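Enquirer: If you scroll down you'll find the structure; I have some questions about it.
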Amino acid sequence: MWAKATRTASQTMVERQGVCRDFAHFAIALCSCMNIPARYCTGYLSDIGEPLPHPPGDFAAWMEVFLSGEWHMFDPRNNKPRFAKILIARGRDAADVPLTQTFGQNTLTEFKVWADELA
């Protein structure tokens with residue numbers, strides 16, 4: 001699945017496809033409809049604790065929902081707990097916390113992030 005900058009939450013629902021950002025936006029929209037506070041999270045999804053063979057870690061989006069007086073993390077795309085998510089930023093949506101924000105022409109030629117489990 002390729003990212004599509006113009007995909008809306010309703011398109012994600014109808015098409016039943018999207019990237020992590022799309023599913024996080026969709027789930028946050030559903031929470032908003034029910035007056036449940038929710039926020040968009042972006043960060044690094046590592047491979048720590050994942051069985052081999054696993055794909056390399058990557059940047060990802062998930063959400064936090066305020067229930068019973070505290071924030072709880074949910075991953076609408078992967079729909080399972082992950083051991084090592086490294087939070088970079090929180091916002092209302094992806095526009096609040098982009099992976100990069102540049103002015104003028106810019107081409108990202110390489111991007112590497114790694115995480116090691118500490119004993």
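Values quoted throughout were computed directly from the atomic coordinates according to the rules given, and no laboratory measurement underlies them. Note that the coordinates shown come from a computational prediction; the quantities given were computed from them, not determined experimentally. Cβ placement follows ideal geometry from the backbone for every residue including glycine, while neighbour counts extend to all protein chains displayed.
Enquirer: Taking region 83-103 as the search range and keeping residues that are in contact (Cβ under 8 Å) with a residue 40 or more places away in the chain and small (G, A, S), which one is nearest to M13 (Cα to Cα)?
Expert: Within region 83-103, the match that is nearest to M13 (Cα to Cα) is A94.
Enquirer: Quick check on region 104-116. Is at least one of its residues crowded, with 17+ Cβ neighbours inside 10 Å and touching a residue at least 40 places away in the same chain (Cβ under 8 Å)?
Expert: Checked against the condition, which is being crowded, with 17+ Cβ neighbours inside 10 Å and touching a residue at least 40 places away in the same chain (Cβ under 8 Å), region 104-116 yields no hits at all.
Enquirer: Something else: Working only within region 70-79, note down all residues that are surrounded by fewer than 15 Cβ atoms within 10 Å (Cβ to Cβ) and either within 23 Å of T100 (Cβ to Cβ) or touching a residue at least 40 places away in the same chain (Cβ under 8 Å) (or both).
Expert: N78
For every residue, the table says whether it meets (1) surrounded by 15 or more Cβ atoms within 10 Å (Cβ to Cβ); (2) in contact (Cβ under 8 Å) with a residue 40 or more places away in the chain; (3) under 23 Å from F111 (Cβ atoms); (4) among the hydrophobic types (A, V, I, L, M, F, W, C).
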{"residue": "N35", "(1), (2), (3), (4)": "no, no, no, no"}
{"residue": "G43", "(1), (2), (3), (4)": "yes, yes, yes, no"}
{"residue": "S46", "(1), (2), (3), (4)": "yes, yes, yes, no"}
{"residue": "L67", "(1), (2), (3), (4)": "no, no, no, yes"}
{"residue": "P81", "(1), (2), (3), (4)": "no, no, no, no"}
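Enquirer: Give me a count of the residues in region 83-97 that are exposed (fewer than 14 other Cβ atoms within 10 Å of the Cβ) and in a loop (DSSP other than H, G, I, E, B).
Expert: Of the residues in that region, 4 qualify.
Enquirer: Separate question: Go through region 1-80 and tell me which strands (runs of 3 or more DSSP E), entirely inside it, have 1 or more residues that are of a type in the set (S, T, N, Q) and within 23 Å of V113 (Cα to Cα).
Expert: Ranges flagged: 38-45.
Enquirer: Check L30 against each of (1) surrounded by 13 or more Cβ atoms within 10 Å (Cβ to Cβ); (2) within 13 Å of the chain's Cα centre (by Cα) and name the one condition it does not meet.
Expert: (2)
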